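Chemist: I have a structure I would like to understand better, so I am pasting it below and will then ask my questions one at a time.
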Amino acid sequence: MSGGVDSSVAAALLKRQGREVIGVTMNLFSLPKEDCVRDDLRSCCGWKAQEDANRVAIVLGIPHFVVDFRREFERSVIEDFGREYARGRTPNPCIRCNRFLKFGLLLERIEGLGAETVATGHYARVRFDPGSGRWLLRKGADADKDQSYFLYSLTQAQLSRTLFPVGDHTKTEIRRLAAEFGLPVARKGESQEICFIPDDDYPRFLRGRFPEAFRPGPIVDMAGKVIGRHDGIARFTVGQRSGLGIAAPRPLYVVSVDAATNTVVTGENRDLARKRLLVEDVNWISIEALGAPRAVKVKVRYRQAEAPATIVPEADGRVRVEFESPQRAIAPGQAAVFYDGDIVVGGGLIARALEDGPA
C-alpha cells in the first residue's frame with residue numbers, strides 16, 4: 001500500500017472478495033521534511049505515504065505494517081540510477097524497484113507475516129495458461145494506464161504469487177470505487193514516476209551523489225567536430241533537445257552519449273531514427289526461450305507507442321530487434337518490451353541502437 005488510490009482500491013476489492021487482507025507499506029526513501037509536508041506531494045516515499053496507507057487500512061479494518069527497505073532501495077535502485085547515468089545510459093528505476101523490491105524482497109518478507117500472495121495497484125493482469133503451463137502477464141484494461149511495461153522482468157515464480165486487482169478496471173472506475181468504499185485518498189493526485197526526486201531535478205540529485213557523472217567534456221556534431229562544451233553527461237539523454245546551449249541554424253538533439261570519451265554527440269531530428277537495436281538482460285514470460293525469429297510489437301519507452309518488429313535471438317543470449325519502420329530516440333538503459341497482442345512475451349534493457357548492417 002503506497003498510500004495512493006490504486007493500491008488502496010486494490011486492497012478494498014480483495015476484502016470485498018472475501019480474502020484475508022493485510023496492508024504492507026514499503027519505506028523506501030526518506031524525503032526531506034519540507035517535502036513531506038507539501039499538500040501537492042506526489043511521491044509514494046516518506047511518512048506521508050505511510051500515514052495515508054494507515055488511514056485507508058483503518059477504514060478497511062485490516063492490519064497495516066511498514067517494512068523498512070531503505071538500505072536495499074539505496075543499493076538496488078538509487079545507486080544503479082547514478083551508475084547508469086554515469087555510463088551515459090538512461091535508467092528506469094521503477095523497473096528496478098519492481099524487480100528487486102516489490103516482487104522480490106517483499107515476497108520474501110510477507111511470508112513472515114503469514115501471507116502467500118502480494119497484490120499491488122498496477123494496471124496489468126495475470127492469468128495462468130494451461131496450454132503452455134506458464135503464467136502470463138497481460139496489459140491492463142485501461143490502455144492509457146497500462147503498466148505492463150514496468151513489469152516485464154517478473155519471473156514465473158513471482159507471477160504465480162501476484163495479483164493486480166485494478167487491472168480489469170479503468171482509472172475512472174477506480175476513482176469511483178474509491179469514493180464508494182469511503183477511502184480517504186479517493187481524490188489524491190497521481191504519484192510521479194521517480195518517487196525519490198520530487199522536484200524532478202535529476203542533475204541536482206545526481207550531482208550530490210555521483211560527481212563522477214559531472215566532468216566537463218565536449219559536445220560534437222555527427223562528423224565529430226566540437227561545437228560546444230557540457231558540464232556532465234548525466235544531464236543528457238538520447239532525443240533531448242533543451243539544455244545544449246548551442247546556437248545552430250537547425251534544432252539540435254542528443255543522438256548519443258559516449259561515457260568512454262565523456263562526449264555528447266548531437267545531430268538533427270532525422271539522425272535519431274534507428275531500425276535496429278540490441279537488448280540485454282532479457283526475461284521471457286509467455287515463452288521459455290526465443291529459439292527463432294518472431295514477429296512481435298515492441299515498446300522502447302513507456303510513453304512511446306509499440307511498433308511492429310522482429311526479435312532475433314543472438315548466440316550470447318541477447319536479442320536483436322529489427323523494426324519495420326525507424327524508431328526515434330532509442331536510449332540505452334531504457335527497457336524494450338515485446339508484446340503479442342495484449343500479452344507480454346518478454347523484455348530487456350536496451351544495450352545500444354544498431355546501424356544498418358551486421359550487429
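Chemist: Roughly how many debye, to the nearest 20, is the charge dipole of the chain about its Cα centre, given +1 on each Lys and Arg Cβ, -1 on each Asp and Glu Cβ, and no other charges?
Modeler: Values: 52 positive and 47 negative charges, 68 e Å.
So the dipole magnitude of the chain works out to roughly 320 debye.
Chemist: Name all residues of segment 139-165 having a backbone nitrogen under 13 Å from the label point set 7 Å from the Cα of Glu180 along its Cα→Cβ direction, giving them as ranges.
Modeler: none
Chemist: Classify segment 273-354: rounded, prolate or oblate, from the alpha-carbon gyration tensor (a ≥ b ≥ c, eigenvalue square roots; a/c under 1.5 rounded; otherwise prolate if a/b is larger than b/c)?
Modeler: Numbers: a/c = 1.45, a/b = 1.22, b/c = 1.19.
Since a/c stays below 1.5, the shape of segment 273-354 is classed as rounded.
Chemist: Among Glu212, Glu180, Glu84, rank each residue by its count of other Cβ atoms within 10 Å, from fewest to most, as a rough exposure measure.
Modeler: On the way: Glu212 14, Glu180 11, Glu84 23.
If I rank by nearby Cβ atoms, fewest first, I get Glu180, Glu212, Glu84.
Chemist: Can you list the residues, at least 5 places off or on another chain, whose amide H is less than 5 Å from the amide H of Phe164, using H built in the peptide plane?
Modeler: It is Val126, by chain and number.
Chemist: Fewest to most neighbouring Cβ within 10 Å: what's the order for Cys195, Cys94? If you can, show how the numbers build up before the last one.
Modeler: On the way: Cys195 22, Cys94 19.
Lowest count first: Cys94, Cys195.
Chemist: What residue among Ala289, Pro308, Thr263 has its Cα farthest toward the positive end of the dipole of segment 195-345, where the charges are +1 on Lys, Arg and -1 on Asp, Glu, each on the Cβ?
Modeler: Thr263
Chemist: For a label point 7 Å from the Cα of Arg328 along Cα→C-beta, name the residues of segment 224-241 whose backbone N is under 12 Å from it.
Modeler: 239-241
Chemist: Then there is this: Which of the three applies to the chain, rounded, prolate or oblate, going by the alpha-carbon gyration tensor with a ≥ b ≥ c and a/c under 1.5 meaning rounded? Can you show the working numbers first?
Modeler: Working: a/c = 2.12, a/b = 1.40, b/c = 1.52.
Oblate, because a/c is 1.5 or more while a/b does not exceed b/c.
Chemist: Say we join alpha carbon atoms closer than 10 Å with springs in a Gaussian network model of the chain; which of Ala331, Ala234, Ala143 then has the biggest fluctuation?
Modeler: With Cα springs under 10 Å in the chain, the top fluctuation among Ala331, Ala234, Ala143 is at Ala143.
Chemist: Could you name the lysines in cross-link range of Lys225, using Cα to Cα under 26 Å and dropping any fewer than eight places away on the same chain?
Modeler: Result set, ordered by chain and number: Lys275.
Chemist: Calculate, in nm to one decimal, what Asp201 and Phe128 gain on full extension: separation in residues at 0.36 nm each, minus their alpha carbon distance. Present the calculation step by step, with values, prior to reporting the outcome.
Modeler: Values: separation 73, 0.36 × 73 = 26.28 nm, distance 4.13 nm.
So the chain would gain 22.1 nm between Asp201 and Phe128.
Chemist: Report ³J(HN,Hα) in whole Hz for each residue of segment 132-146, in order, from the Karplus equation J = 6.51 cos²θ - 1.76 cosθ + 1.60 where θ = phi - 60°; Gly and Pro get x.
Modeler: Here the 3J(HN,Hα) series is 9, x, 10, 7, 10, 9, 10, 4, x, 5, 8, 4, 6, 10, 3 Hz.
Chemist: Return the lysines within reach of Lys15: Cα separation strictly under 26 angstrom, same-chain partners fewer than 8 residues apart disregarded; answer none if there are no such residues.
Modeler: Within the straight-line cut-off, Lys15 pairs with Lys48, Lys102, Lys139, Lys145, Lys171, Lys188.
Chemist: Please compute the contact order of segment 215-267 in relative form: average sequence separation of alpha-carbon pairs under 8 Å and at least six residues apart, divided by the residue count, as a percent. Could the numbers behind the result be given before it?
Modeler: On the way: 100 pairs, mean separation 21.3, N = 53.
After rounding, I find 40 percent.
Chemist: Quickly work out the Ser30-to-Asp316 label distance, labels modelled 7 Å from Cα along the C-beta direction, and quote it in nm with one decimal.
Modeler: 4.2 nm
Chemist: Using only DSSP helix segments of four residues or longer, with each worth -39500 (n - 2.57), what per-residue ellipticity at 222 nm results for the chain after dividing by its residue count and rounding to 500? The partial results should precede the final answer.
Modeler: Numbers: 10 runs with 74 residues, N = 359.
For the chain, the value works out to -5500 deg cm²/dmol.
Chemist: Among the GluC sites (Glu not before Pro) within segment 259-300, which fall in a DSSP loop and have no more than 13 other Cβ atoms within 10 Å of their own Cβ?
Modeler: Values: sites: Glu268, Glu280, Glu288; in loops: Glu268, Glu288.
Listed in order of number, the matching sites are Glu288.
Chemist: Turning to a different aspect of this structure: If a paramagnetic tag sat 7 Å from the Cα of Ala248 along the Cα-Cβ line, which residues of segment 329-346 would have the backbone N under 15 Å from that point?
Modeler: So the set is 329.
Read-outs: derived from the displayed coordinates by stated rules, not from any lab. Model, not experiment: these values are computed from the prediction. Cβ sites come from the backbone with ideal geometry, for glycine too, and all protein chains shown count toward neighbours.
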